Amino acid sequence: MRRFLVLVREFAVILSVAACIAVLALFSVMPVFGMGKSYTLYNGASSSSFMVATNAPMLDKARLKSVAGESTVYGGDKYEQLKAQFSATLLFTEEACGVTNYYLYSPDLGDGVYLNGAFINLHIAVSTEQTAVGTPLIFGGY
């Protein structure tokens, strides 16, 4: 009986370690942003090499394995909310064709790019109708 209890305890330890590994793996594929109107994953070294529109970002991040960036689109102006959510610092802005582009740095996000001499890892583009947000940058149209 004692040997059986030792085996049960060892099995429980192994099961606990496996569960911890699974949770850590799950965190690595969690989407950066909440689901918006659309969600795009960027793959490859330059992030814009291969763009994948998805309705299941967590599943596709796990499947693709080389995701280097992601973005989503929300209705309305979400700039202040997103800036606060990511504890971001505004570095500079650009305006073109009725869209204001905010380039920010967030300590909550990892990889970024250098743009105009600044390290950017959060890009927010706001028009009169919607907000696109991406890390490190938004690629494609918005």
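The values are calculated or read from the model by the stated rules, or taken from the named source; none is laboratory data. What you see is a predicted model; the values in this text were computed from it and never measured. When we count neighbours, we look across all protein chains shown, and the Cβ atoms used for this are built from the backbone with ideal geometry, even at glycine. Heavy atoms of the whole protein, side chains included, go into the accessibility calculation; ligands, DNA and RNA do not. Shrake-Rupley method; radii C 1.70, N 1.55, O 1.52, S 1.80 Å.
A few notes on this one:
- Residues that are under 27 Å from Asp77 (Cα atoms) and either open to solvent by less than 40 Å² (accessible area, probe 1.4 Å) or at pLDDT below 75 (or both) within segment 44-55 comprise Ser47, Ser48, Val52, Thr54, listed in sequence order.
Conditions tested, residue by residue: (1) among the small types (Gly, Ala, Ser); (2) at pLDDT 85 or above; (3) within 18 Å of Leu137 (Cα to Cα).
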| residue | (1), (2), (3) |
| --- | --- |
| Met1 | no, no, no |
| Phe11 | no, no, no |
| Val17 | no, no, no |
| Val32 | no, no, yes |
| Ser38 | yes, yes, yes |
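- Of all residues in segment 94-142, those satisfying the criterion of being over 19 Å from Thr40 (Cβ atoms) and among the β-branched types (Val, Ile, Thr) are Thr100, Thr128.
- Neighbours by Cβ (under 7 Å, 6+ apart or cross-chain): first from segment 116-142, in contact (Cβ under 8 Å) with a residue 60 or more places away in the chain; second charged (D, E, K, R) and open to solvent by 10 Å² or more (accessible area, probe 1.4 Å): Pro136/Asp111
- All of (1) touching a Phe, Trp or Tyr at 6+ places or on another chain (Cβ under 8 Å); (2) buried (at least 18 other Cβ atoms within 10 Å of the Cβ) hold for Tyr74 with one exception: (1).
- Wholly enclosed strands (runs of 3 or more DSSP E) of segment 45-128 bearing at least 2 residues closer than 17 Å to Met35 by Cα and among the small types (Gly, Ala, Ser): 67-75
- Odd one out for Ala88, checked against (1) at pLDDT 90 or above; (2) hydrophobic (A, V, I, L, M, F, W, C); (3) surrounded by fewer than 13 Cβ atoms within 10 Å (Cβ to Cβ): (3)
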